Structure formats: structure tokens, C-alpha cells
1. Quick one: putting +1 on the C-beta of Lys and Arg, -1 on the C-beta of Asp and Glu, what dipole do you get for the chain around its Cα centre, in Debye to the nearest 20?
2. Taking 7 Å along the Cα-to-C-beta vector as the label spot, tell me the Cys78-His45 distance in nanometres, rounded to one decimal.
3. Given a Förster distance of 30 angstrom, what is the FRET efficiency for Thr10 paired with Gln56, based on the Cβ-Cβ distance and rounded to 0.05?
4. Taking the chain as a Gaussian network, Cα atoms linked when under 10 Å apart, which of Phe49, Phe29, Phe37 shows the biggest mean-square fluctuation?
5. Give a residue-ordered list of calculated ³J(HN,Hα) values for region 4-16 (Karplus: 6.51 cos²θ - 1.76 cosθ + 1.60, θ = phi - 60°; whole Hz; x for Gly, Pro).
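Readers should treat all values here as calculations from the given coordinates under stated rules, not as data from a laboratory. Note that the structure is predicted; figures quoted are calculated from it, not measured. Ideal geometry is used to build each Cβ from the backbone, glycine not excepted, and the neighbour counts take in all protein chains shown.
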Amino acid sequence: MTLQKRYLATPHDIRAIRLTCKCGTSLSFIPAEKTNFPDKCHNCHASWFLENDLTQAVLDQVILGLGALRKRSEAVTCKIEFEFDQPE
Ligand SMILES: [Zn+2]
């Protein structure tokens, strides 16, 4: 038998989504805000997403989704949590 520690987080526990460029510059996006992720780094201007890559659109949906999950009432429905493995 293998024991594994797991961690649970609610949508309120996720403070932000952070993008870090290869140059070390990072930006954090708070879930409650409606925002579009930038295409490139504001410091070195490197592209953050590949052409025809859906990552940017997916990130927009994730951040909007987290904002929506924070607003829903768990009192009348179910509790939603994200499960993580133990950090190494
Ligand atoms: Zn950069």
C-alpha cells in the first residue's frame, strides 16, 4: 500500500494564475477579473503562445471560470474543490 498526501483547494484558495517569461518577468491574473492574457512579454517582447495555440483562450476561460465558481453558492449546492498531489 502506498500512502499519498493530497491537498484540497476551493476556488477561493486560488489567488491568481501566474505566467512567467523565460526572461524572468512574471504577471499574475486574479480570477475575479475579466481579462485577456497578453500575447507576449511586456519586458522582452517574446511571444508567450505558439501560433494556432489555444492556450491563451483556455487561460481566459479558466480565469473567468474561477471567477464564476467563486460567486456560486455552496450553501444550496455542492462544494467544489481542486485536488493536488503533495508538492515535491
Ligand atoms: Zn520576457
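1. Details: 11 positive and 11 negative charges, 58 e Å.
With Lys and Arg at +1 and Asp and Glu at -1, about 280 debye.
2. Here the answer is 4.9 nm between the modelled labels.
3. On the way: r = 26 Å, r/R0 = 0.86.
Taking R0 as 30 Å, the efficiency between Thr10 and Gln56 is 0.70.
4. Phe49
5. Karplus values, whole Hz, x for Gly and Pro: 9, 7, 10, 10, 10, 9, 8, x, 6, 6, 7, 6, 6.
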